[in-house]
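As structure tokens, the structure follows; a few thoughts come after it.
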Amino acid sequence: MSKATYDFSNRVALVTGGSRGIGKAIALQLAEFGADVAINFRNNADAASEVVNAIEQLGRNAIAIKANVADPDEVATMVNQVVERIGPIDFLVNNAGVFDVVPHTETSLELWNRTMSINVTGTYLCSWAVKDSMVERGFGRIVNLASIAGLEPKPYAIAYATSKSAIIGFTRSLGVALAEDGVRVNAIAPGLIKTDILDTADPELLEQLIELTPVKRIGSVDDITPIAMFMLSDHSDFMTGQTIVASGGRVTIP
């Protein structure tokens, strides 16, 4: 991948959950390819500040905005701030999300609602906050972070798996709805990826998951960012409403 291949100069991107993990990696890659980048965060202001500093060192404009993506007023304020400070949003990456591993006996209504509000409603609210401007300008790219959990049974993550299935369905329908308006919507469904969420994971469980993965390793954020860049670039102009699986072969789709 090179800047000659992916040139995002004069583009503005908003990455939710951009202070760590996959979101951080995508934000930094966007900046390396010339985009100005706004990152959204919920709690860790220090981590968000570090990402902003790294983007600015690349010579790009960057801002970090604290907002709960499940709150319509906070989302509207966030998008308005991005537009006012660095420009209309060309790229939206819906990465913010929560994940709980619990049996069905502990899947409370509170946990269910929290998961749906952030993972699903948050994706909807952020998309709705930017789509009309994209349609008016005849250009926009939205990338949603789904998961292979949305494509296979997850009895110990029922709420999470359901939310990711919903994101895949949302991507399919919104992609088709906006296709004639120059706005493309696609999703990535990662498998097991090495982020800080795995720091407290059971090592024995991780080994079992690696054994179930045909390529015999955990993925990295560097396995996901190139897919996001492709989806945001002109190279994927003939693709919308699609979900690309990146799971090392654990899950495949026709």
Identify the residues of the stretch 175-217 with backbone N under 12 Å of a label point that sits 7 angstrom from the Cα of residue 106 along the Cα-to-Cβ direction, or state none. none
Report, by chain and number, residues whose modeled amide H sits under 5 Å from the one on residue 244, excluding near sequence neighbours (fewer than 5 apart, same chain). 187, 188, 189
Taking the C-alpha atoms of the stretch 1-140, convex hull volume expressed per residue in Å³: 118
Links that overshoot a 22 Å alpha carbon limit, given the list 131/194; 154/194; 131/154; 24/154: 131/194; 131/154; 24/154
What distance in nm separates the two pseudo spin-label positions at residue 233 and residue 9, each 7 Å out from Cα along the beta-carbon direction? 1.6
Sorted by mean Cβ packing within 10 Å, highest first, what order do the peptides 117-128, 212-223, 98-109, 170-181 take? 117-128, 170-181, 212-223, 98-109
Please give the helix 21-32 orientation as an angle from the longest Cα principal axis of the chain, in degrees from 0 to 90, rounded to the nearest 10. 30
Where the centre of each part is set by its Cα atoms, how far does the stretch 170-236 sit from the stretch 98-163, in angstrom? 14
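Need one word for the chain: rounded, prolate or oblate. Basis is the Cα gyration tensor (sqrt eigenvalues a ≥ b ≥ c); a/c below 1.5 gives rounded, then a/b vs b/c decides. Please report the intermediate quantities before stating the final value.
Numbers: a/c = 1.43, a/b = 1.38, b/c = 1.03.
Rounded is the answer for the chain, as its axis ratio a/c remains below 1.5.
A short reminder: the numbers here are calculations on the coordinates, not readings from a lab. Just so you know, these numbers come straight off a predicted model, no measurement behind them. Note: ideal-geometry Cβ built from the backbone for every residue, glycine included; neighbour counts use all protein chains shown.
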